[in-house]
Every structure is written in C-alpha cells, then in structure tokens.
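Take a look at the structure set out below.
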Amino acid sequence: MVTMTSQTVPGAEGLKRSGGGSPILLDKERLQELAKRDFRAATDFQAAIEYATDFWQRSLLFLDILRQSGNQQAEMTSRPINAVLGYDHEFILRGTNLPRPVNYGLVRVVPPRGTVIDHTKRPVVVVDPRAGQGPGIGGFNPVSEISQAFKAGHPVYFVGFGADPVEGQTVEDVAHALTVFFQKVIELEPQAVGKPFVFGNCQAGWHTIMAACLRPDLFGPILVASAPLSYWGGVHGKNPMRYNGGLLGGAWIERLMGDLGGGLIDGAWFVMNFDNLNPANTLWTKQYNVWAAPEKEQDRYLHFEKWWGAFVRMRNEELDYIVDNLFVGNKLSTAQLVTRDGIRLDMRNIKSPILCFGSKGDNITPIQQALDWILDNYDSVDEIRKHGQTILYCLHETAGHLAIFVGTKVAAKEHSEFINYMDLIDSLPPGLYEVVITDKSAGEAGGELLEGNYNVRIEERGLKDILALGSNSIADEREFEAVAHLSDISIGLYATFVQPWVKALITPQITSALQALQPLRLKYALFSDKNPLMRGVAPLAEKARAERKPVAADNPFLSMQQQVSDMLTAWLKGLGDLRDKAAETFFQAIYGSPWVQGLLGVTPASGRPRPKPGTSPDQEAALAAKAEELRTTMAEGGPLEAVVRAGLYIAAGQHVIDARTFEILRRALKAHPEITLTHFKAVVREQWARLVIDERAALQALPRLLPAEAEARRALFDQIRDLIRTISTAAGELEGEAKRRLDEMMVLFEMGACAPERPLLEREAGKLV
C-alpha cells in the first residue's frame, strides 16, 4: 500500500485519495489535529458540565447566605439594643435615668482573659456612631480600637445606644449625657494619670466635640475618626453626597420622612444613602464576591451584615437639628450654635489635643470635611497657639470610611500608635501638626526605643498645608449658603401647607407598612424565612454542601465569568461617575446662578457666607490678661522650667518631634520621680506659651531661672547637651537652625544671672550679640 503525504498531492487538506474508489487515508499530522480537536471538544464539554454543577451549587449556597442574613437582620432589629460589641461588658450608667433622658448608655468593657490592666493609665472611651446602625462597631472585630487599648493596658469604656430614642430627646440632650458619662469614667478611675482619651467615630465625632465644648475640663486627647466637622467641604469632581441637600430642595423632605414615620426617622434611609454612593459595589460586587466564593465569604459577609442591617431610628427633633444646623447650615465649625441653656459651642474652647483621623479614600467624610473647620476658625497657626489649642491630623492614603473605625488591619497601625503615644500627643505645645506613621526598618537608629513596629513623627504644619488638600472657594461657599436659605423657605412652606395634612392622614398602621416597605428592609425580608418561597432553600443548600464539587481554578468558564463581572463592574462604576458628575453640574448650574442667589438673598457683596467666629471683648480681654501674666512672670521658675524652655526653643528649629525623642524624655523623667508626667506636661505647655507670646523676652529671662553658681549652670547645661546628644544619636544629628539654637542656649547658660534685664537678643549672622 502506498502511503500518501501532503507533499505528494498539492493542495491536500488532509483528505487523500489514491485513484478512483480507493479508501480514504489520513496523513499523520491531520490525525493528530483531529485527535486534539476531539480532545478539546470533550474537555470543553467536561469543563462546561463541571462549571454548571459548580454554578448551581454556588447559587444555592448564595441564596442560603442571603436567607441567613435576612433572618439575622430580623433578629437584630427585634432587640431593644441591637449591639454587635464583641466584648463582655457591664452597664455603668443608663441615659434613660438622667434628668434629660436619652437612649444612650455607658458600659465598662470587660478585658479578655489574660489581659493586664494598669489603672494608672488614662481610660479609653469609645463613642460609637448612631448613623443608621446599632452600636458596637468600635469593638466589632478582633483588631479594633478597643483591642488596641487593651493591648496597651488601658481600662476601656464604651458609649452605645438603644434601637429607639426616648420621646423628646434632642441632640443637645445627648451631648449633655456624654458629659455625665465622661464625668463618671473619671470618678471610676481615680488612679489614672490624665483625663480620658476619647474616640469619637463618624457621627459620634461631632457629638463628642459638642460635649467637649460644653465641658472641656472632662477630656484628655480627643480622636475624631472620619468625623465631619465642616459639612460643606470637598473638592470638585468628588464627594457627591454634599450636594444632596441642594438637589432635594432643602430639608423639607426630611420633615416629610419624619411625619411619614410617625415622628421617627428610619436609619435604613441613612444606610441607603451610603449604599448609593457606590452603585457598582452595592448592586453587583458585594453580592458577586459572596456568590463566587460562598465558603470563603460566608462568615465575613454575615459578620458585617449583622451590623450593616441592624437599623436603628432617630427622632424628628434630632434629625431636624442635625440637618438644619450641620448638614445644610454648617454652623458648628464657626461657633454659630447656641444651646437652649445659652452656651455657645465654640471648638476653640477645647484645650485638649484634637486629633482628626481621615482618609483620602473616604467618600462619605472627605478629608476636607474633617479638616476645614481649622480654616473656618483660624487665619494663622499663631492664632491657634494664642488660643492654646493643639490640633493634629493623620491621613490614610486609601482606607474607606468604615475601615477607619471598624477595626480592620488597614487602620490598625494608626489606632495602636495613637494609643501608644497619647502622652506624646498630650504633651505637645499648642499648634498645628501632622502625625506621620512609618514602618520601623531593621537596623534603624534608635529602633529599640520604639514601641511596636512603627515610628511616629509629629511634624509642624501650616494652614497652607490644609489648603493644599483642597477646599471650597468663596463661590462654592455662596452656593451652599443659597441652599441653606432655600432650605429655610422650603421648611416654612412645608410646615404651613403640607405638614398638617400629612399628620392628619398618617396612622400607626400606615407608618408600620411604610417601614416594612423601606427598600433595604424589604430586601432583607424577601430573602428571609418570612418569605415562603425561601423555606425550601435551606435543605437544597445543605444537599449542595454535601455534594459540593468546586470548579477547578483553570476552568475557562470561570475566567469568562470573571471577565463578565469586571465588565459589569466597570459599566456600573461608569454610570455612577456619570450620575455624580451630572449632579454636581446640575447643583452648580442652579445654585451658582447669580439670579438664584439674588432671589435667595445671597449677593457677591456679602463676602464670605460664614465669617470666622471672631472673639468677644471678654475673650480678647482674657487672652490679653493671660498674655500679660505670662510676660510679667517670664523669670519665674527654676531649673526644670529653664530646661524645658531651652529644649522647646531648640526643638522649634527642627519642626518635627520623633517618637524616639519622646521615649528618651520619658526615660529621663523616670530618673526624677519627683517630677510627674502631668506636671511635666503642664510645664511644657506653659513654657511654650511664653515663647509664643514673646520669644525674645522669654529667652532674655531664661538665665534668671538658672542656679546662681556658674558650676551648677554648666552642669545643668551639660545635662541638656547630653540629653540632646542622645536624642540626636537616636533620631538624627542636629543641624541648621536647630544646631544654631543649641549654640545660642550655650551662650545664655554661660551668662546665667549676669544677663542684663534689658532685652539683648539680637540675631546677626546667626549669633547672639
């Protein structure tokens, strides 16, 4: 038999004939190709069968997860207190028993077994946000604000709330309740060195600030995490939530929702607003991730949904105050709020350090809303210092809103370092600073001085650094002022012509039905066992688990599935971006119109819509009196005051304080038990104030704080120089302005009591003459 090849018959396609009627013969290459094609077809068919099996099993498991989530939501919202706090706790005070009853309460968090608590350390108090869900998010995960505080040995307290407010409670009532709670914590921790370190998360941040305005004496450092304090803030092309008030025509719709709820606002509407910010995640990605890997994602999803769907309610009176005065009115940051007791809420009266923790990836509380209150109150850092205020901020690059305070590993290092170095924060002299946290590298100089795995630098900042992050122009401010004016009009019209009819028509039955039909509540209910169609899901899911056959990772249909998901995610994200851009354009076209602004009483001649709060004659007199007192007592004190004054003057030339520097100072203090940390911090603040008020006079008077004997003065300066040398070795040698200041101090210490009383400090070519 003759073997024919493709070379012997030109143009052959693998099908060969050797004369008429002879059998068909295939060449070797063609046989291999057909064999491969048949194998691929069989393989693809097998892959399709495997993927289809996996698809339906995953779908059943996913439905069962949704069913469990729906049942979990029904169980959580049936509780009077639907807390998700992951720690045992004991009630200390119930807000319902206060003269102004509120649905808040103070609990002591029971430390986990094996945790050693040092009651000489200041207590940590976590105040949870009441912005739609129940309490507990600050101690929800194993890595949390509470866990970091326990790790450092601090006693921990927690402020939570019930699902339903007390009839008649107001925002001011809650702020007063917080002051009672903090007072109680101080009483319960008599050995603590320092007032409580307070975490105010999101909405609880501005509530905590209001409480601190009422009773600034009750607070140690205050950390406000993702907390909006200047509500109009943001940048163009981002932060669409700030336009909602204008696009809805003002606060009248909030009144309508309250009336439809029988005097209560369902927190599910707040949560829905957050969901709407990211339609790609809400409508697809969040669910897809669970469906794609149900075994891996089930526990995480149900754990989060336990809090996310645990809706609480708020009274009309509360939300009216919040919307009118904060969201739309933006009155907190410029001291325009006065309580019914006649107390003006002025953030400049808070002398405890305020640390603002935010993220550039936060689309709910953008960093402008977290920080622009500083610009609203001050024209310069010198003004901040003269008011005796210490303000710090720390910015995360990527964390989302919830990651800042939910307690994920994303923000764990920040929380741990804030707690580890709260005494450093509390020791800072007045001014504006940024907290920069970096990883500790192997072999780093002075690394043995650092607690944990990070180094903390506190760097001086100016208002220009806040402005560089983005802020509103005067034109932007006028647009939001126009919204505030329109809101007042819409509220009046609604109250006069609509509200009486709504209240007359709404019955408890209608209110209950409307709450049940709220879209988020309805979604949970439809996938719960309340729905008869879901009752067959559990046994089917159980059968799917027993017969589970996950598809191989290299299955081509799995790759196609991911491609479809990515395409759909990108499409939804594009729609969301288009919606946000249209909303911003629409907002600016309406409220940026001179015609609209003129009709609403906003004119170009009105200047800045919200002027800075300024100072009253009494405040000016108090500041002047304090400054005069500091000037007349410049020479009062002893070696401790001299050392601190000299050290602060030198440190000001570096513009940065390193955690290693603080550790060295802390160790130096241990060698002098007669000097308590509290006294040392008070001396630091007082000596810095003297330098701020009149640096020249403070330096001129410094030698008169020193011992009269030249030998004692030299010994004291040698101690300072040795301390600075130790610090320099750990954190970097002194150079430039800081080194010049050290040399300047050497001259002053040599002069001692012989220094003339008239000012002699004149800087020429960097020398003292």
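Within the stretch 483-499, the set of residues being assigned to a helix (DSSP H, G or I) and either open to solvent by less than 70 Å² (accessible area, probe 1.4 Å) or in contact with a strand residue (DSSP E or B) (Cβ under 7 Å, 6 or more places away or on another chain) (or both) comprises Val483, Ala484, His485, Leu486, Ser487, Ser490, Ile491, Gly492, Tyr494, Ala495, Gln499.
Does the stretch 165-174 contain any residue that is without any contact (Cβ under 8 Å) to a residue 12 or more places away in the chain and either open to solvent by 10 Å² or more (accessible area, probe 1.4 Å) or over 30 Å from Gln515 (Cα atoms) (or both)? Step through it out loud before you land on a result.
Taking the stretch 165-174 and keeping what is without any contact (Cβ under 8 Å) to a residue 12 or more places away in the chain, we get none.
There is no residue in the stretch 165-174 that is without any contact (Cβ under 8 Å) to a residue 12 or more places away in the chain and either open to solvent by 10 Å² or more (accessible area, probe 1.4 Å) or over 30 Å from Gln515 (Cα atoms) (or both).
Yes or no: the stretch 554-561 includes at least one residue that is within 34 Å of the chain's Cα centre (by Cα) and among the hydroxyl-bearing types (Ser, Thr, Tyr). Scanning the stretch 554-561, I find no residue that is within 34 Å of the chain's Cα centre (by Cα) and among the hydroxyl-bearing types (Ser, Thr, Tyr), so the answer is no. Only residues that are farther than 18 Å from Glu145 by Cβ, modelled with pLDDT of 80 or more and not in a loop (DSSP other than H, G, I, E, B) were counted across the stretch 425-466, and they come to 14.
Look through the stretch 702-726, keep the residues that are open to solvent by less than 80 Å² (accessible area, probe 1.4 Å), more than 46 Å from the chain's Cα centre (by Cα) and of a type outside the set (A, V, I, L, M, F, W, C), and return whichever of them is modelled with the lowest pLDDT. Only one residue tops the list, namely Arg713.
Does His207 count as under 21 Å from the mean Cα position of the chain (by Cα) and touching a residue at least 60 places away in the same chain (Cβ under 8 Å)? First the steps, then the outcome.
Numbers: under 21 Å from the mean Cα position of the chain (by Cα): yes; touching a residue at least 60 places away in the same chain (Cβ under 8 Å): yes.
Considered against the rule, which asks whether it is under 21 Å from the mean Cα position of the chain (by Cα) and touching a residue at least 60 places away in the same chain (Cβ under 8 Å), His207 comes out as yes.
Phe199 - would you say it is in contact with an Asp or Glu (Cβ under 6 Å, 6 or more places away or on another chain) and either over 20 Å from Gly361 (Cα atoms) or surrounded by 18 or more Cβ atoms within 10 Å (Cβ to Cβ) (or both)? Considered against the rule, which asks whether it is in contact with an Asp or Glu (Cβ under 6 Å, 6 or more places away or on another chain) and either over 20 Å from Gly361 (Cα atoms) or surrounded by 18 or more Cβ atoms within 10 Å (Cβ to Cβ) (or both), Phe199 comes out as yes.
Looking at the stretch 275-288, which of its residues are surrounded by 18 or more Cβ atoms within 10 Å (Cβ to Cβ) and hydrophobic (A, V, I, L, M, F, W, C)? Matches in the stretch 275-288: Ala280 only. In the set Leu247, Leu260, Leu264, which member is surrounded by fewer than 17 Cβ atoms within 10 Å (Cβ to Cβ) and either farther than 30 Å from Ile384 by Cβ or out of contact with any strand residue (DSSP E or B) (no Cβ under 7 Å at 6 or more places or on another chain) (or both)? Being surrounded by fewer than 17 Cβ atoms within 10 Å (Cβ to Cβ) and either farther than 30 Å from Ile384 by Cβ or out of contact with any strand residue (DSSP E or B) (no Cβ under 7 Å at 6 or more places or on another chain) (or both) holds for just one of Leu247, Leu260, Leu264, which is Leu247. Scanning the stretch 647-657 for residues that are part of a helix (DSSP H, G or I), modelled with pLDDT under 80 and either open to solvent by less than 20 Å² (accessible area, probe 1.4 Å) or out of contact with any Pro (no Cβ under 7 Å at 6 or more places or on another chain) (or both) yields Gly647, Ile650, Ala651.
If I ask for residues that are charged (D, E, K, R) and farther than 16 Å from Gln687 by Cα, which ones from the stretch 611-642 would you list? Lay out the reasoning, then the answer.
Going residue by residue through the stretch 611-642, those that are charged (D, E, K, R) are 612, 618, 620, 626, 628-629, 631, 636, 641.
Lys612, Asp618, Glu620 - these are the residues of the stretch 611-642 that are charged (D, E, K, R) and farther than 16 Å from Gln687 by Cα.
Looking across the stretch 457-482 at every residue that is within 22 Å of Asn330 (Cα to Cα), open to solvent by less than 40 Å² (accessible area, probe 1.4 Å) and of a type outside the set (A, V, I, L, M), the one that is nearest to the chain's Cα centre (by Cα) is identified as Gly470.
The values are calculated or read from the model by the stated rules, or taken from the named source; none is laboratory data. Note that the coordinates shown come from a computational prediction; the quantities given were computed from them, not determined experimentally. Because the Cβ atoms are built from the backbone with ideal geometry, glycine has one as well, and the counts that use them run over all protein chains shown. Ligands, DNA and RNA are stripped out before the accessible areas are found, and what is left, the full protein with its side chains, is counted by its heavy atoms. Shrake-Rupley method; radii C 1.70, N 1.55, O 1.52, S 1.80 Å.
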